[in-house]
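Encoded as structure tokens, the structure appears first; notes follow it.
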Amino acid sequence: MTSITYGGNTYPLDKHQSVLDCLVGHGAPVPFSCRSGVCQTCLMRAVRGVPPEDSQRGLKDSLKLQNYFLACVCHPTDDLEAALPQEVVCSLPATVTALEPLNGEIMHVSLECHAPLEYRAGQFINLFRDPTLGRSYSLASVPGHDEHLHLHVRRLPQGRVSGWIHEELRAGQTVEIRGPSGDCFYVPGRPEQEMVLIGTGSGLAPLYGILRDALRRGHSGPIRLFHGSRNRAGLYLTGELRELARNHSNFEYVPCVSGEEPAPGLEGGRAHEIAFREIGDFKDKRLFLCGHPEMVSAAKKRAFLAGAAMKDIYADPFNVNAAP
Amino acid sequence: MTEKKLADWWNESHASLYEKLGGEAAVNAAVDIFYRKVLADPRINRFFEGVDMEKQAAKQKAFLTMAFGGPHNYTGMDMRRGHAHLVKQGLNDSHFDAVMEHLGATMKELNVPDELIAQAAAIAESTRNDVLGR
Ligand SMILES: Cc1cc2nc3c(=O)[nH]c(=O)nc-3n(C[C@H](O)[C@H](O)[C@H](O)COP(=O)(O)OP(=O)(O)OC[C@H]3O[C@@H](n4cnc5c(N)ncnc54)[C@H](O)[C@@H]3O)c2cc1C
Ligand code: FES
């Protein structure tokens, strides 16, 4: 008989019973709403075993790859150990190996995990200043290529974690991180599909990871990266990106400044507006949006109206938590 | 009639609209087209301002599943509760009509036969009073 393990308990699964019915029947606190595989409220992740394909219908590819499934339509034939999405992330120590400013306000942070961390470029980790104070930072590094984890941290005025990273954190120090999470990453398959990457400020971090991941995995379709900042001083990694563009004929780098006259080689205007001006039709294109939450939300809507399929839009708004 | 044929006949004549349309695959094909029409319509898109697009798309999918006669757990009460804040903002028959129009146009675009479009429209229409809180 198939069994489901959840929260340290193992339950036998009756024939024809869904994982959701089984767990809820035993009083496990799993949320649900439609019970028919539509609303995605009952999203869970298999931490052991593989969920049947049927239970992943309608999920983004990046979630499928991480063994997420809908419990209400999940009828596994093999044993599964399941967890709710927020319970999956584990916590581990990491030592700072380098801190280098990328420009006046963004710091490159390199971390060496004490245990191997399985992640995808573009996902994010939570970095803790103390056990109750942590913030999300996206991974700019590519597993298997970059030895350490790379973050790009923008310093915010009075930012409790970003300020601490910029001013007090030192190489050699050990911090606690949790993760990875997030589904904004490159999914292999359809290598000929066009990709459009739009980011503002440190929103370049996940895009830099995603871009290099895609190139390394042999993505052959055109890839365009629009990175925006108010002024030239806010751009960074421009040399590296221009070099990548020189070495990969399918990659185009478009740095944009919105608050000053563009110098040669730069576009004038906001990154997403320039992208929409240059690309009228988003049908069949894969889109990645990272950084300023308002930019992400506006661009998401516009791209969808311009023909992008919802499942082809990957986004990470860098919501800044202004709560104490 | 042979046994096989009898079974086919039974299945065909008793298949739900949802199955006839192609089940979940039909809903998946329809949801982006439908939601794009809704968001682009100046008569109704103010009701969608500022909401999370992904969550909203999941709701559009649930709506289409229901309209196609598929498995759903909507009750009249859920419909009322779910739309009460929009009724306060002035949601009325003209907006409901606009949504119905997009439902029909979406199915037309997907080459659904007229009689099945009419069936789906009838199911969606049956929620009008609940949606509008009457
Ligand atoms: C998925 C995700 C990925 C992210 N990735 C990155 C990344 O790669 N790089 C990056 O730089 N950032 C990233 N962020 C943002 C990051 O997580 C932090 O939100 C950011 O660094 C600010 O944290 P902080 O502790 O420094 O600032 P906080 O102390 O949280 O303060 C944030 C801002 O709010 C103001 N503020 C604080 N308290 C109040 C108050 N009570 N009232 C009004 N204003 C207040 C502060 O002045 C400051 O400007 C990401 C966020 C998310 C959600
Ligand atoms: S409860 Fe809605 S998808 Fe499972």
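The values are calculated or read from the model by the stated rules, or taken from the named source; none is laboratory data. Note that the coordinates shown come from a computational prediction; the quantities given were computed from them, not determined experimentally. In this analysis, Cβ positions are derived from the backbone assuming ideal geometry, glycine residues included, and neighbour counts consider all displayed protein chains. Please note that ligands, DNA and RNA were not included when accessible areas were found on the heavy atoms of the full protein model with its side chains. Shrake-Rupley method; radii C 1.70, N 1.55, O 1.52, S 1.80 Å.
Does A:I279 satisfy the condition of being over 26 Å from B:A58 (Cα atoms) and open to solvent by less than 10 Å² (accessible area, probe 1.4 Å)?
Values: over 26 Å from B:A58 (Cα atoms): yes; open to solvent by less than 10 Å² (accessible area, probe 1.4 Å): yes.
Criteria met by A:I279.
Quick check on A:A315: is it more than 16 Å from ligand 2 (Cβ to nearest atom), within 11 Å of another protein chain (Cβ to nearest Cβ) and touching a residue at least 12 places away in the same chain (Cβ under 8 Å)?
On the way: more than 16 Å from ligand 2 (Cβ to nearest atom): yes; within 11 Å of another protein chain (Cβ to nearest Cβ): yes; touching a residue at least 12 places away in the same chain (Cβ under 8 Å): yes.
In short, yes.
When residues of the stretch A:282-295 are filtered for being in contact (Cβ under 8 Å) with a residue 24 or more places away in the chain and either open to solvent by 30 Å² or more (accessible area, probe 1.4 Å) or within 10 Å of another protein chain (Cβ to nearest Cβ) (or both), how many remain? Lay out the reasoning, then the answer.
Looking only at the stretch A:282-295, we keep the residues that are in contact (Cβ under 8 Å) with a residue 24 or more places away in the chain, and these are A:282-293, A:295.
Those still in the list that are either open to solvent by 30 Å² or more (accessible area, probe 1.4 Å) or within 10 Å of another protein chain (Cβ to nearest Cβ) (or both) too: A:283-284, A:292-293.
Qualifying residue count for the region: 4.
Do we have B:A30 as away from chain A (no Cβ under 11 Å) and either part of a loop (DSSP other than H, G, I, E, B) or within 19 Å of A:A308 (Cβ to Cβ) (or both) here? Steps first, please.
Details: away from chain A (no Cβ under 11 Å): yes; either part of a loop (DSSP other than H, G, I, E, B) or within 19 Å of A:A308 (Cβ to Cβ) (or both): yes.
Yes, satisfied.
For the stretch A:116-176, which fully contained strands (runs of 3 or more DSSP E) count at least 1 residues that are open to solvent by 30 Å² or more (accessible area, probe 1.4 Å), without any contact (Cβ under 8 Å) to a residue 24 or more places away in the chain and out of contact with any strand residue (DSSP E or B) (no Cβ under 6 Å at 6 or more places or on another chain)? Step through it out loud before you land on a result.
Numbers: elements: A:124-130, A:133-138, A:149-154.
So the answer is A:124-130.
So which residues in the stretch B:33-47 are over 16 Å from the mean Cα position of the chain (by Cα) and at the interface with chain A (Cβ under 10 Å from one of its Cβ atoms)?
B:A40, B:N45
Residues of the stretch A:25-56 being on the phi > 0 side of the Ramachandran plot and either within 16 Å of ligand 1 (Cβ to nearest atom) or surrounded by fewer than 16 Cβ atoms within 10 Å (Cβ to Cβ) (or both), which ones?
Here is the first cut: in the stretch A:25-56, the residues on the phi > 0 side of the Ramachandran plot are A:27, A:35, A:37, A:40, A:49.
Scanning the stretch A:25-56 gives a single hit, A:G27.
Pick from the stretch A:29-54 the residues that are β-branched (V, I, T) and more than 6 Å from ligand 2 (Cβ to nearest atom): which of them is modelled with the lowest pLDDT?
Of all residues in the stretch A:29-54, those β-branched (V, I, T) come to A:30, A:38, A:41, A:47, A:50.
If we keep only those that are more than 6 Å from ligand 2 (Cβ to nearest atom) as well, we get A:30, A:47, A:50.
Working: A:V30: 86, A:V47: 92, A:V50: 94.
Taking the candidates together, the pick is A:V30.
Quick one: would you say A:G203 is within 14 Å of another protein chain (Cβ to nearest Cβ), of a type in the set (G, A, S), within 16 Å of ligand 1 (Cβ to nearest atom) and in contact with a Gly (Cβ under 9 Å, 6 or more places away or on another chain)?
On the way: within 14 Å of another protein chain (Cβ to nearest Cβ): no; of a type in the set (G, A, S): yes; within 16 Å of ligand 1 (Cβ to nearest atom): yes; in contact with a Gly (Cβ under 9 Å, 6 or more places away or on another chain): yes.
It is false that A:G203 is within 14 Å of another protein chain (Cβ to nearest Cβ), of a type in the set (G, A, S), within 16 Å of ligand 1 (Cβ to nearest atom) and in contact with a Gly (Cβ under 9 Å, 6 or more places away or on another chain).
One line per residue, one yes/no per condition, for (1) touching a His at 6+ places or on another chain (Cβ under 7 Å); (2) open to solvent by 20 Å² or more (accessible area, probe 1.4 Å); (3) free of Cβ contacts under 8 Å to residues at least 40 places away in the same chain; (4) farther than 17 Å from B:A62 by Cα:
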site: B:L86; (1), (2), (3), (4): no, yes, yes, yes
site: B:G90; (1), (2), (3), (4): no, yes, yes, yes
site: B:M100; (1), (2), (3), (4): no, yes, yes, no
site: B:M107; (1), (2), (3), (4): no, no, no, no
site: B:E115; (1), (2), (3), (4): no, yes, yes, yes
site: B:A120; (1), (2), (3), (4): no, no, no, no
site: B:D130; (1), (2), (3), (4): no, yes, no, no
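Hey, can you tell me all the residues within the stretch A:25-63 that are within 14 Å of chain B (Cβ to nearest Cβ) and in a helix (DSSP H, G or I)?
A:E53, A:D54, A:S55, A:Q56, A:D61, A:S62, A:L63
Quick one: in the stretch A:1-24, which of the residues that are over 19 Å from A:Q86 (Cβ atoms) and within 14 Å of chain B (Cβ to nearest Cβ) is least open to solvent (accessible area, probe 1.4 Å)? Give the steps one after another, and end with the answer.
Step one: filter the stretch A:1-24 for residues over 19 Å from A:Q86 (Cβ atoms), giving A:1-3, A:10-18, A:21-22.
Cutting the leftovers down to within 14 Å of chain B (Cβ to nearest Cβ) gives us A:18, A:21.
Working: A:S18: 4, A:D21: 62 Å².
Restricting to residues being over 19 Å from A:Q86 (Cβ atoms) and within 14 Å of chain B (Cβ to nearest Cβ), the top hit is A:S18.
In the stretch B:57-76, what residues are open to solvent by less than 40 Å² (accessible area, probe 1.4 Å) and within 10 Å of chain A (Cβ to nearest Cβ)?
Answer for the stretch B:57-76, where residues must be open to solvent by less than 40 Å² (accessible area, probe 1.4 Å) and within 10 Å of chain A (Cβ to nearest Cβ): B:A57, B:A58, B:Q60, B:K61, B:A62, B:F63, B:L64, B:T65, B:M66, B:G70.
Looking at B:G50, B:G90, which one is within 11 Å of another protein chain (Cβ to nearest Cβ), within 26 Å of A:S297 (Cβ to Cβ) and not in a helix (DSSP H, G or I)? Even if it seems obvious, please write down each step before you answer.
On the way: B:G90 fails: within 11 Å of another protein chain (Cβ to nearest Cβ).
From the options B:G50, B:G90, the qualifying one is B:G50.
List the helices (runs of 4 or more DSSP H) that sit entirely inside the stretch A:209-314 and contain at least 3 residues that are modelled with pLDDT of 95 or more and under 24 Å from A:G144 (Cα atoms). First the steps, then the outcome.
Numbers: elements: A:238-247, A:271-278, A:293-305.
Answer list for the stretch A:209-314: A:238-247.
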